[in-house]
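What follows is a set of notes on a single structure, which appears directly below.
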Amino acid sequence: MKRKLTALDISLAGMFIALMAVGANITSIAPFMVVGGVPITLQTFFAILAGAVLGSRLGAVSMGVYALVGLAGVPVFAKFSGGMSAIVSPTFGFILSFVLTAYAVGKLTERNQSLRMYVAASLVGMVINYVAGTNWMYMAYKVWAAAPEGFTYSLAWLWMSVPLPKDIALAICAGVFAYRLEHRILSRSYFRTVRKTA
Amino acid sequence: MMEKMIFGRYLPLESPIHQLDPRAKLLFTFGFVVVVFLANNVVTYATLAAFTLMLVYLSKINLRFLLSGLRPVIWLIAFTFLLHIFLTREGDVLVKVGFLEIYEGGLRQGVFISLRFLLLILVTSLLTLTTSPISITDGLETLLQPFKKLKLPVHELALMMSISLRFIPTLMDETDKIIKAQAARGADFSSGPIKERVKAVVPLLIPLFVSAFKRAEELAIAMEARGYRGGEGRTKYRLLHWRWKDTVAVCLLLLLAVVLWRLRS
């Protein structure tokens, strides 16, 4: 480990976990986020932002702790679910993949801070989210549900291709949003200056 | 809704299971998730089911309440059951309706695997129903101590968990307040094409992020002003006590594992 986690790192990561909880359940606070009857969660959106704002290491750590908080029984996952039983749910892989998503987005945006890079990094993050999540889902059905031969790998992907266009659009939005947040607000804020000099 | 966010799914009751040390309960639950896979015939599944029902009885949690919490996963169990009924082809054909054939092996597998799912979910939800998120955090912090050798910042991670527990309700309130404030200024969230609605989210997210970062900064300054220097040599306000009951609970699980091992075919 390069540097010890400071009080600021810890409180920022904790705050991002709370933001994830809001993002996962934004439909229940704001009914307008239902598009065509399907409630939208902003989990991937916020995971991408965690990587872009907190950086690869702290972003990944905060997403890992987010999964732990949910497992500890706080209803921070989508639809106010939570608790140890989430671990056997086939969609738990998506929650775990946020760690990789945040890490990848952080790594990519640390070097190059252009708008194009932010959007590209968000798309990479979203692809990681899908690949890891779908593979986990397939594996979970195979192991926990001992799914028979008929449940094929391509069937799992077919299932996941339905929300894909929506998530591509959200990822692009996340990239643009992260870029603006970074350059208009955060570059002048207190914690960026502290972290640069530390 | 706010209460739900604060306490999570914890039900404060007085029962032998509530009184167990969170570390014992965590070990027990992780052990159980493995032990469930030992069952493979009628006798072993019956033993497992009886054991789980005994745990539910001991926890004094209303079975109806527990089952109502299962509603979100019921379709998952049903899906698993149907998957097996129609796709497993072993043994004799029981029913034949048109092109659908139900095999004896499929029916048995379907029942067993759905039961396995149900038991896994029951036991894991018992953990979170009988233990508050704060105790689970404390328990995890002590159980993960050995990982400190691998440079995992265990204390810092536990502190992040506690901070987020404290701020989840605050940020939920804040989001609600920002929505109302922007609506009062004439922001329209509920109509128009999708593109317009997505645009309307930006004036919601920017203030939310700014306020979250401000809170994080203030908290960090307050921590540093009080001399926070990480986990080294820090004492605790809430202490965990490992009693003989906790040893009994862990031994009980080992006993279950041995029994299942002997009975499985």
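For the reader, a short list of remarks on this structure follows.
- For the protein assembly as shown, the solvent-accessible area works out to 48 Å² per residue, with a probe of 1.4 Å and every protein chain left in place.
- Rounded to whole Å, sorted largest first: equivalent-ellipsoid semi-axes of the stretch B:155-225, Cα gyration tensor: 31, 12, 10
- Coil-residue chymotrypsin sites (Phe, Trp or Tyr not before Pro) of the stretch B:73-157, DSSP, other Cβ within 10 Å capped at 12: B:Phe99
- Cβ-Cβ FRET estimate between A:Glu110 and B:Trp75, R0 fixed at 35 Å, reported to 0.05: 0.25
- Alpha-carbon gyration tensor eigenvalues x 5, square-rooted, for the stretch B:58-180, Å: 43, 21, 16
- Residues of the stretch B:194-213 with amide N under 20 Å of the 7 Å Cα→Cβ point at B:Arg166: B:209-213
- With Cα atoms, 0 to 90° folded angle of helix B:244-263 axis to chain B main axis: 40 degrees
- The stretch B:4-127 - Rg (one decimal) and Dmax (whole number), Cα, Å: 17.4, 56
- Separation between Cα centres of the stretch A:80-123 and the stretch B:7-71, rounded to whole Å: 32 Å
- Linear extension gain, B:Gln19 paired with B:Val248, 0.36 nm per residue minus alpha-carbon span: 81.1 nm
- Reciprocal mean inverse distance between Cα atoms of chain B - Kirkwood radius, Å: 22.8 Å
- Semi-axis lengths (Å, descending) of the ellipsoid that matches the C-alpha gyration tensor of the protein assembly as shown: 39, 29, 20
- Degrees, to the nearest 10: B:104-130 long Cα axis against longest axis of chain B: 40 degrees
- Per-residue [θ]222 nm for chain B (sum of -39500 (n - 2.57) over DSSP H runs n ≥ 4, rounded to 500): -23500 deg cm²/dmol
- Based on Cα contacts under 8 Å between residues 6+ apart, the stretch A:50-170 shows a relative contact order of 26 percent.
- Buried accessible surface for the B/A pair, both sides summed and rounded to the nearest 100, is 5900 Å² with a 1.4 Å probe.
- Taking the inverse of the mean 1/r over every pair of distinct Cα atoms in the stretch A:55-185 gives a Kirkwood hydrodynamic radius of 15.8 Å.
- Its relative contact order, with pairs defined as Cα atoms under 8 Å and 6+ residues apart, puts the stretch B:170-265 at 21 percent.
- In chain B, Cα pairs under 8 Å separated by at least six residues give a relative contact order of 31 percent.
- Rounded tilt (10° steps) of B:154-184 against the dominant C-alpha axis of chain B: 70 degrees
- Calculated Rg and Dmax of the stretch B:96-146 using C-alpha coordinates, Å: 19.8, 60
- Inter-label distance for B:Val111 and A:Trp159, nm, one decimal - labels placed 7 Å from Cα along Cα-to-Cβ: 2.5 nm
- At least 20 Å² accessible surface lost relative to isolated chain, residues of the stretch B:157-174 (1.4 Å probe): B:Leu157, B:Met160, B:Met161, B:Ile163, B:Ser164, B:Leu165, B:Phe167, B:Ile168, B:Leu171, B:Met172
The values are calculated or read from the model by the stated rules, or taken from the named source; none is laboratory data. This one's a predicted model, so the numbers in the text were calculated from it and none came from an experiment. For neighbour counting, all protein chains shown are included, and Cβ atoms are generated from backbone atoms with ideal geometry for every residue, glycine included. Quick note on the areas: whole protein, heavy atoms, side chains included, nothing else; ligands and nucleic acids left out. Shrake-Rupley method; radii C 1.70, N 1.55, O 1.52, S 1.80 Å.
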